[in-house]
Amino acid sequence: DAGVIQSPRHEVTEMGQEVTLRCKPISGHNSLFWYRQTMMRGLELLIYFNNNVPIDDSGMPEDRFSAKMPNASFSTLKIQPSEPRDSAVYFCASSNRDTEAFFGQGTRLTVV
Amino acid sequence: KQEVTQIPAALSVPEGENLVLNCSFTDSAIYNLQWFRQDPGKGLTSLLLIQSSQREQTSGRLNASLDKSSGRSTLYIAASQPGDSATYLCAVDAGNMLTFGGGTRLMVKP
């Protein structure tokens with residue numbers, strides 16, 4: 001397996017634009033997580049899915065953020081409209097219950 | 001709410017030293033604890049996973065211990081090398097979601 005695959009690796013966008021981040025989890029994993037990493041706040045869990053169903057989205061900062069998992073092999077995190085304070089590295093991770101979590105390489109988002 | 005703390009925040013050692021990184025958590029009701037390594041500008045690489053029923057796990061020069069009752073875990077790195085320089089993060093799984101500590105930034109000097 002190629003591991004967790006995220007795209008794009010880098011995204012630079014203007015304030016107010018819509019941003020969509022994509023993630024392909026490891027085949028067979030039933031849990032998927034979206035994290036955000038910043039220098040100030042470290043790694044924060046935004047949302048996680050189990051068997052494609054959102055279980056906990058309490059970490060989603062506000063209504064501008066939304067996440068979907070239409071099937072077991074694909075998830076998106078969307079920010080609309082984007083703001084400069086959304087600039088961060090966004091990670092996707094997948095696992096099975098009680099097993100190791102594997103992370104993607106991240107998407108570095110810069111909102112100018 | 002689970003809180004995870006890592007001490008020290010940064011550590012610089014000469015090559016060859018054995019070292020210990022510390023991780024503490026506030027709620028002992030956990031499923032497992034995982035140690036990760038993160039290189040600058042990269043994703044997280046899983047190093048070791050300790051289930052709640054286990055006391056330690058070993059992989060090569062790395063040994064991680066877990067004391068659930070006291071809410072502590074340590075990562076022991078033997079004979080450190082410059083290639084070990086990275087940020088090390090511990091994460092606690094208390095319900096199928098990982099809560100991370102702030103990390104320890106390790107520098108191993110040649």
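Take the Cα radius of gyration of region A:1-70 and divide it by 2.2 N^0.38 Å, with N its residue count; two decimals is plenty. Ratio of Rg to 2.2 N^0.38 Å for region A:1-70: 1.18. Along region B:63-79 the Karplus relation, 6.51 cos²θ - 1.76 cosθ + 1.60 evaluated at θ = phi - 60°, assigns HN-Hα couplings of 9, 10, 10, 9, 10, 5, 4, 9, x, 9, 9, 10, 10, 9, 10, 8, 6 Hz to successive residues, with x for each Gly and Pro. Centroid-to-centroid, using Cα positions, region A:83-98 and region A:33-50 are 5 Å apart.
Rounded to the nearest whole Hz, the Karplus-based 3J(HN,Hα) values (6.51 cos²θ - 1.76 cosθ + 1.60, θ = phi - 60°) of region B:33-46 follow the sequence 9, 10, 9, 10, 10, 10, 8, x, x, 10, x, 9, 10, 5, with x at glycine and proline. Can you give the longest stretch of chain B with no exposed loop site, where a site means trypsin sites (Lys or Arg not before Pro) in a DSSP loop (not H, G, I, E or B) with at most 14 other C-beta atoms within 10 Å? It runs B:62-110.
Looking at region A:44-112, the GluC sites (Glu not before Pro) that sit in a DSSP loop and have at most 10 other Cβ atoms within 10 Å of their own Cβ are A:Glu62.
Coordinate-derived values only; no laboratory data. Note that this is a predicted model, so its numbers are computed, not measured. Cβ atoms come from the backbone with ideal geometry, glycine included; neighbour counts cover every protein chain shown.
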